[in-house]
Structure formats: C-alpha cells, structure tokens
1. Which value, in debye to the nearest 20, gives the size of the charge dipole of the chain about its Cα centre, when Lys and Arg are +1 and Asp and Glu are -1 at the Cβ?
2. Using a cut-off of 10 Å between beta-carbons, work out the net charge of the residues near ASP144 (Lys and Arg +1, Asp and Glu -1, ASP144 not included).
3. Can you list the cysteines of the chain that have no other Cys Cβ under 4.7 Å away?
4. Over 23 Å between Cα atoms, which of LYS156/LYS199; LYS90/LYS151; LYS163/LYS199; LYS249/LYS275; LYS161/LYS275 qualify?
5. Pop out the Kirkwood hydrodynamic radius of region 230-274 from its pairwise C-alpha distances, inverse of mean 1/r, in Å to one decimal.
6. Can you spot the aspartates and glutamates whose alpha carbon is less than 12 Å from LYS148's alpha carbon? Ignore those fewer than 8 places along the same chain.
7. What percent of all Cα-Cα pairs in the chain falls in each 10 Å bin, counting up from 0?
8. Mean 1/r over all different Cα pairs, inverted: what Kirkwood radius does region 179-285 give, in Å?
Amino acid sequence: MRKSPFLFFFLFVSLQNGISQPNCLAFQYAGEETKYLSCLETEKCAGHYQFSREFQTHLDHAIALDSTWGYPYRAKSVAYLKSGEFIRWKQLVDKAVLYNPADNLGYRGWCRYQFFRDYTGAIADIEKLETIVNYDIGYSVNGDYHLKVAKALCYKALNQKEKAIEIIEAHFLSEEYFPGNYDYLHLGVLYLETGQSEKAQEAFLLQQERNPIAESHYYLAIDYFQQGTWENCIHELDLAAQLYSQNLKRFDTYTHPMDQIYWKDIEELRDKTTKAIKAQAKTSD
C-alpha cells in the first residue's frame, strides 16, 4: 500500500477540528515561504476555542498571508458547520478543496453525507478523490468509516443497494481493509434488505463478535421474524434491549446514523412477534 509523500510532512497535533496541524518547517524546507509564515500563524490557534475570536482571527491572518493554502479555510470552516451556518461553511470548505483537493475532498464528501444527506455530492467527492491519489483515501472525520464504506452507504441511500454491497465486499478484500466499528452491521442490513438471509445472519454475527451493539441483534431479530422463527426473534430482541439499556448502540452527537434504532423499534417488533405467536397458537388449537 503506497502512502502519500505529504504524510511525512505532518505532525499529528489535534486542533480539535478534525484535522491535523501541519509541520510548518516542511514548508520552509521546501522553500514555500508564504505558506511557512501562514502556517506559523495557524499554530497560534492552539489553546483557543474554535468558536473564539482569537481562533478565527489567527486563521484570517493565515489566509491573508497565503490565500492559496487550503488548510486555514478548512480549519476555519469547522465552527460554522457545528453552529449550523452551513452556507459559510460551504464557501470556506470549497476554497479548501480548490487549493488542496487531495486533503479536503474526503472531508467535504463525508460532511455532505453526514450533515446534509447530499448523497450524490458525497459520492462525487469521494470518487474524485479516488482518481487523484495513488494511496489509501482514508476515513471519515469521526473515524467510524473508511470512505469507501461511506460511499457505499450513499449508494444505499439512493436505493442502489446491490452496488453498495459490491463496494463493501470489494473493500473487504482489499489490502487496505481494516474492520470498522459498524461495517458488518451495514452489510448485514443490506443483505437483509435484498433478501439474502444467510449472508445477513453471518454479517450480524461478525458484527457481534467485533463490536456488540443493540442494532445487530435487532436486525437479526427482524430476519428471524421474517422466517417465522419466533423464539429466536424474541431471544435476539432481549439481547438488543439489554445492550440498548447499557448504551451499547449507534449514536452520533450531530445526526441520526444510518441503521440506528430506538427503544420503540425493539418494543414494536416484540409486540408484533408476541401477536404472531398468539395467532399461531390459536391456529394450532
């Protein structure tokens, strides 16, 4: 697996905005004096809250020193995204992509998916990134997904479920694959939604082995319900409820994650299953 040569020029010091503070000496070494000075200005953001005037002012100064460097635009945009000022966020992140597409297309694509449900736009960004780099395209900002899996989820949302399955399965076979926290959950739901019961069960069991969450048991319960195996369904619902009560479930601070469930979902499926069991008992009598 080939890595970006640019990775060697970065120190991974968090600015609490989802990106890493560049190593300014790399620009000086490369003879890029304006970027070096701009980079030094961004270092002054350290210790300041990203919504503060100081944080934003230092980034404004960095942009004034070098308006063709993508990093300060993206760093500045994060506060606007979190505060819901999406138009300003888009203006800034588009600048970041313009001046440094390799480092920012994945970020913009993920945000399009997570915050705006702009699935077509997210796919376009991720696929564009795939064409311009010769190394692993990386992960979502929150670290939950490889961007190829994120792209697959976009295709699922556009009701292209077979294509979504194809992308995830191919990614699983790639050298760069490392199991994500929810990969097998989503693949299992895709199998379930396309009538592939046996594969769905295998995926849910793998999800439970790697990261046990309420959702994997809930969706497995749906599979058993569809097959009419009521006892198995109730058993999985009990496990789902137990994990849910322990807060072992899908959750995102800002949005509703795909395939997330609620307590109401568990209770409604339990009620349906109980009624089905009673109806079957009456028929048998």
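1. Values: 30 positive and 38 negative charges, 138 e Å.
So the dipole magnitude of the chain works out to roughly 660 debye.
2. Numbers: positive: ARG250; negative: ASP183, ASP252.
Here the count lands on -1.
3. Cysteines of the chain left without a disulfide-compatible partner: CYS45, CYS111, CYS154, CYS233.
4. On the way: LYS156/LYS199 17 Å; LYS90/LYS151 20 Å; LYS163/LYS199 16 Å; LYS249/LYS275 26 Å; LYS161/LYS275 31 Å.
Result: LYS249/LYS275; LYS161/LYS275 exceed 23 Å.
5. Details: mean 1/r = 0.0885 Å⁻¹.
Its Kirkwood hydrodynamic radius stands at 11.3 Å.
6. Straight-distance partners of LYS148: ASP125, GLU127, GLU130, ASP136, GLU166, GLU169, GLU176, ASP183.
7. 6, 24, 27, 20, 13, 6, 2, 1, 0
8. Numbers: mean 1/r = 0.0711 Å⁻¹.
Hydrodynamic radius (Kirkwood, Cα pairs) of region 179-285 is 14.1 Å.
Values in this text are rule-based calculations from the coordinates and carry no lab data. The structure presented is a predicted model; accordingly, all values stated were derived computationally and were not measured. Note that we place each Cβ from the backbone using ideal geometry, even for glycine, and neighbour counts take in every protein chain shown.
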